[in-house]
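Student: There's a structure below that I have some questions on.
Every number here is computed from the coordinates shown, using simple stated rules; none is lab data. Note that the structure is predicted; figures quoted are calculated from it, not measured. Reconstructed Cβ throughout: ideal geometry from the backbone, glycine too, with neighbour counts over all protein chains shown.
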Amino acid sequence: MKRMLRFLRGVFFGALAFGMVVSLPMDVSAAARLAFDYRWQVCPNTLPFRCDIPEKSAVQSAMNTWNAVKDFSGKSMLTLQMTTSSSASNTISYYSGSRFDTAVGYTDEATYTSNGKKYVSSMKIYLCTYNGKQYSVGAKVNCFDIQTIVTHELGHALCVMHCHKQGASSCFSSTCTSNVMNPDAHRNFTRRTLTSYDKSSYQVIYD
């Protein structure tokens, strides 16, 4: 399945049209939210990603953002780590093809089933350059901020879903426009800081 940020005439939409709604404990930021039907099986754990784009500092900053999140008891969760291994199954790269011609970023997961539950075996993150889309480090006219897009896609890689479905007229979160996992993205714009809603959406998966 693909999780992506998409655009139409300068406004960006996530191509995510499905998901479960789950109820959460009262100590998190919302009573319900969207959720995937899979997760990484082992947590805490280290997830190595080979970064095939030159802007590695921006990618590392995006990783650090998620790595700073602890579980509800204050313990470490999944640790995103950069690797140079050619055999790495998790990757971050540019994509110039037209398969997703309106996509900005998307994440492609491979899964397996164990004891009736679905788990992730690998994640591939792509930044789409088709049709002249450009990226920059920081906000820049006509460009997408790499750290903003990668932070969002790493959220999907950790199995965090958007804060609302594509085309929805309302959101589960009161901080919708500030959420890293908001499906909208814009040129000359940054959104790099996790809200409480982003963090708890991650925490509840591995609680």
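Student: Counting only trypsin sites (Lys or Arg not before Pro) that sit in a DSSP loop (anything but H, G, I, E, B) with at most 10 other Cβ atoms within 10 Å, what is the longest stretch of the chain containing none of them?
Tutor: In the chain, the maximal stretch lacking such sites is 76-207.
Student: Okay, next question. Once fully extended, how much extra length lies between Thr46 and Thr84, figured as 0.36 nm per residue of separation less the alpha-carbon to alpha-carbon distance?
Tutor: 12.2 nm
Student: Let me ask something else. Give me the one-decimal nm value for the distance between modelled label points at Thr177 and Ala110, 7 Å along each residue's Cα-to-Cβ direction.
Tutor: 4.2 nm
Student: Moving on. Could you run the Karplus curve 6.51 cos²θ - 1.76 cosθ + 1.60 with θ = phi - 60° over segment 168-185 and give me ³J(HN,Hα) per residue in whole Hz, x for Gly and Pro?
Tutor: 5, 8, 9, 10, 6, 10, 6, 9, 3, 5, 9, 5, 4, 8, 5, x, 8, 9
Student: What ranking do Tyr197, Tyr95, Tyr112, Tyr202 get, fewest neighbouring Cβ atoms within 10 angstrom at the top?
Tutor: Tyr112, Tyr95, Tyr202, Tyr197
Student: Going 7 Å from the Cα of Tyr94 along its beta-carbon direction, which residues of segment 136-155 have the amide nitrogen within less than 17 Å of the resulting point?
Tutor: Within reach of a label on Tyr94: 136-138, 140-150.
Student: Taking a Cβ-Cβ separation under 4.7 Å as the criterion for a possible partner, which cysteines of the chain have none?
Tutor: Lacking a cysteine Cβ partner under 4.7 Å: Cys43, Cys51, Cys128, Cys143, Cys159, Cys163.
Student: Could you give the length gained on full extension between Ser122 and Ala168, defined as 0.36 nm per residue of separation minus the Cα-Cα distance, in nm?
Tutor: Contour length minus the Cα-Cα distance gives 13.6 nm.
Student: Hey, another quick one. Which far-off residues, 5 or more places away or on another chain, put their amide H under 5 Å from the one on Phe49, with H placed in the peptide plane?
Tutor: Those lying under 5 Å, H to H, from Phe49 are Gln81, Met82, Thr83.
Student: Further question: Spin-label point model (7 Å from Cα, Cβ direction): what's the Lys56 to Ala68 distance in nm?
Tutor: Placing both labels 7 Å beyond Cα along the Cβ direction yields 2.3 nm.
Student: Contour minus end-to-end for Thr193 and Lys140, with contour as 0.36 nm per residue of separation and end-to-end as the Cα-Cα distance?
Tutor: Between Thr193 and Lys140, full extension yields an extra 17.3 nm.
Student: Mean projection of the alpha-carbon convex hull of segment 67-195 over all orientations, in nm²?
Tutor: 10.3 nm²
Student: Taking Cα pairs under 8 Å and at least six residues apart, what relative contact order does the chain come out at, in percent?
Tutor: 27 percent
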